[in-house]
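Before any comments, here is the structure.
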Amino acid sequence: MTIRVLLADDQPLLRMGFRMILSAQPDLEVVGEAVDGADAVRQTRALRPDVVLMDVRMPGTDGIQATEEIVGAGQGSRVLILTTFDLDEYAFAGLRAGASGFVLKDVPPAELIGAIRAVAAGDAVVAPRVTRSLLDQLSAHLPDPRAEPPVIDTAAVAALTDREREVFGEVARGLSNAEIAARLHLSEATVKTHITRVLAKLRLRDRVQMVIFAYEHHLLPGD
């Protein structure tokens, strides 16, 4: 199966470099190049790529707004954010807008290729240390606990088994599958199965959305 990729970056040299790296892979095809966010939205609508490699800092319509529009359109294209700094607030905003993860612009080619394949397969690409930083970012924007609580599908949450709740809580803390497996004395395959079930029951896309859901609905262990 060929993974179709759209490159969105306002710097021609970077687009050319990414195209060269990706085109050398038999399972990756660059189907287009966008020069800004608005162009990325238009081309995604027309080309329906599997993955959009999206720079967040572009003139005009930035990558965050473009990500919101692409994910909101529901065409199935997934967004992988490109950023210069691993603790970039723009990258975090991109995750909240619906991106499936982010990678650094100077990431080694093998990691970039692996990230694109992971996102195309439905996974999220956010390292545990970055997830923890995301939690810190989110905590500063949580609603006042005295305010009206957000609407939550209590039936869906109640449908989680005790073990699924445990795994959900560890994901929300920012632990990797391997760390969760060691902590709960499970195999990594079992952890992945539990995560898949939690995503389905709560109608979430990936572990990034799990983290955000847990924080926004005060479902972290100890809350």
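Taking the stretch 160-177 as the region of interest, how many residues are part of a helix (DSSP H, G or I), within 21 Å of HIS217 (Cα to Cα) and under 23 Å from the mean Cα position of the chain (by Cα)?
If we filter the stretch 160-177 for residues that are part of a helix (DSSP H, G or I), which is where we start, we get 162-173, 177.
The next check asks that each one be within 21 Å of HIS217 (Cα to Cα); those that pass are 162-173.
Okay, now just the ones that are also under 23 Å from the mean Cα position of the chain (by Cα), so 164-173.
Counting residues in the stretch 160-177 that are part of a helix (DSSP H, G or I), within 21 Å of HIS217 (Cα to Cα) and under 23 Å from the mean Cα position of the chain (by Cα) gives 10.
If you take just the strands (runs of 3 or more DSSP E) that sit entirely in the stretch 25-105, which of them hold at least 3 residues that are modelled with pLDDT under 85?
Numbers: elements: 28-34, 51-55, 78-83, 102-104.
By residue number, 102-104.
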Task: Breaking point among (1) touching a strand residue (DSSP E or B) at 6+ places or on another chain (Cβ under 9 Å); (2) under 21 Å from ALA124 (Cα atoms), for ASP39 - done: (2)
Task: Complete set of residues in the stretch 1-23 that are assigned to a loop (DSSP other than H, G, I, E, B) and either farther than 19 Å from VAL103 by Cα or among the hydroxyl-bearing types (Ser, Thr, Tyr) (or both) - done: MET1, THR2
Open item on the list: Can you say whether LEU175 is at pLDDT below 90, crowded, with 18+ Cβ neighbours inside 10 Å and in contact with a Phe, Trp or Tyr (Cβ under 6 Å, 6 or more places away or on another chain), as far as the supplied structure shows?
Closed with: no
TODO: Tell me which residues, restricted to the stretch 178-223, are among the aliphatic types (A, V, I, L, M), assigned to a loop (DSSP other than H, G, I, E, B) and under 21 Å from the mean Cα position of the chain (by Cα).
DONE: LEU204, LEU219, LEU220
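The values are calculated or read from the model by the stated rules, or taken from the named source; none is laboratory data. Predicted, not measured: the structure shown is a model, and the values here were computed from it. Note that each Cβ is placed from the backbone with ideal geometry, even for glycine, and that neighbours are counted across all protein chains shown.
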